[in-house]
1. Order Phe111, Phe380 by their accessible area, 1.4 angstrom probe, all chains in place, largest first.
2. If the reach is capped at under 28 angstrom between alpha carbons, list the lysines near Lys212, excluding any in the same chain fewer than eight residues apart.
3. Take the Cβ-Cβ distance between Leu363 and Val116 as r, set R0 to 56 Å, and report the resulting FRET efficiency rounded to the nearest 0.05.
4. Using a Förster distance of 30 angstrom, determine the FRET efficiency expected from the C-beta separation of Glu348 and Ala254, and round it to 0.05.
5. Roughly how many debye, to the nearest 20, is the charge dipole of the stretch 6-46 about its Cα centre, given +1 on each Lys and Arg Cβ, -1 on each Asp and Glu Cβ, and no other charges?
6. For the stretch 297-302, what does the Karplus curve 6.51 cos²θ - 1.76 cosθ + 1.60, with θ = phi - 60°, yield as ³J(HN,Hα) per residue in whole Hz, taken in order and with x for Gly and Pro?
7. With Kirkwood's inverse mean 1/r over C-alpha pairs for Rh, give me the Rg to Rh ratio of the stretch 239-298, two decimals please.
8. Put +1 on the Cβ of each Lys and Arg and -1 on the Cβ of each Asp and Glu in the stretch 1-107; which of Ile91, Leu49, Leu71 then has its Cα farthest toward the positive end of the dipole?
Amino acid sequence: MSEERDQSLPRVLIIDDSRMVRASIIRHVRGRFEVREEADGEAGWQTLLVDPTIQAVITDIGMPRLDGYGLLERMRSSRLSRISTLPVVVISGDDEPEVRIRAKSAGATDFISKSVSNVELLARLEALTQLARTQRDLEESRAALATASPVDPDSGLATASYLHHHASQELAAAQRHKGELSVQVIEIDQFEGLVARYGAHVAQLVNRKLSKIMATKLRKEDTVAELAPARFAVVSPSTSMNGAAGFALRLQKAIDHIVMTYREERIRIRLTVGIATSDAGQAQTVSHLIGVAVQRLAQGRAAGGNRIMGDQGEITADMLAPPPRPPLSIDKLLQQLAGNPADARLVEQLPDAIRALLPLLELIESRSHSGLPLAKLASFADSELASAAP
């Protein structure tokens, strides 16, 4: 008899020699994931070979025939990319540091205790299965790159294939010069609810509204593409975690002011953002950075949404706010410049001067459209102020 499955649910493989443990995990994830189960690593390996629909694996360590370490070794050395890159969660009753370290060294994507809460298990699984889908989409994008247009004619944004190609070049350059590159994955909260309540047409209008707002906030060197409905990736070269978080906060603030009306109902838009940045000197891929950002996005969504998540958890505006600085007199600064252009104090006050003049420069740019490098000026001021901070 052929096996029936719900193709709308992501599929996970649970491998544990304890029937009770398998039943407990299945009870936790039922309704959110479709499950296959096996009692040892060898049986799990055979299932992976014949079932290409599996998107994540949950495995025990101590099992007969083939233990969790052996399974990880086979998977990571597999010539099948769908197996070698598959997310693997090691779930163990032994939470000793050496067990965790060995599992990570063997290629485990995540390590959790068998006593983990239902909410945390679901959040991690959702993040990992989304990572698997994103990686698969990017692989397909790479394969289609030769014939793909760099711009989607419907949204006006970069295509996913162009994003991956362009971002890979930017990442390689950042690694050569030991610079930073940030990836943000931005998602409209409760988008499926918008579709169910107002219909796909209205939800698409919301999606386009976000696209247009992002286009006005990005720098020329940034690249944005739509990964899926209501989910966007933004790649920003020479941008730190704080710089990316600042952009995300400005985007959230702009969205907060948008109220759409449909049949006398007011529709408010909220965003959740996951951010990942490259590490200088470490070999990384764009797929990896997007996957990390997706995981952080899932954490923010599990916490209620409308959040910006970075490497240290949620990022809020007060965390990025610079310490108060004494007010700067532009008139006094101009007098100093006229009196002694070589005065070293002028250079020290340049970041504050830029910050004080930015609102005026933004107004000038909005009227003249002369291409003033406002983002670069703001970035320069921020970096100078950060380096001068105690």
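1. Details: Phe111 5, Phe380 90 Å².
Final ranking, largest accessible area leading: Phe380, Phe111.
2. Once the sequence-local lysines are set aside, what remains near Lys212 is Lys220, Lys253, Lys376.
3. Working: r = 53 Å, r/R0 = 0.94.
Computed FRET efficiency for Leu363 and Val116: 0.60.
4. Details: r = 33 Å, r/R0 = 1.09.
With a Förster radius of 30 Å, E is 0.35.
5. Numbers: 7 positive and 8 negative charges, 63 e Å.
Once rounded to the nearest 20, the dipole reads 300 debye.
6. Working through the residues one at a time gives 4, 4, 5, x, 5, 5 Hz.
7. Details: Rg = 15.7 Å, Rh = 13.6 Å.
That ratio equals 1.16.
8. Checked the options; the winner is Leu49.
The values are calculated or read from the model by the stated rules, or taken from the named source; none is laboratory data. The model shown is predicted, which means the values in this text are computed figures rather than measured ones. Every residue, glycine as well, gets a Cβ built from its backbone with ideal geometry; the counts of neighbours run over all protein chains shown. Side chains are part of the model used for accessible areas, which takes the heavy atoms of the whole protein and leaves out ligands, DNA and RNA. Shrake-Rupley method; radii C 1.70, N 1.55, O 1.52, S 1.80 Å.
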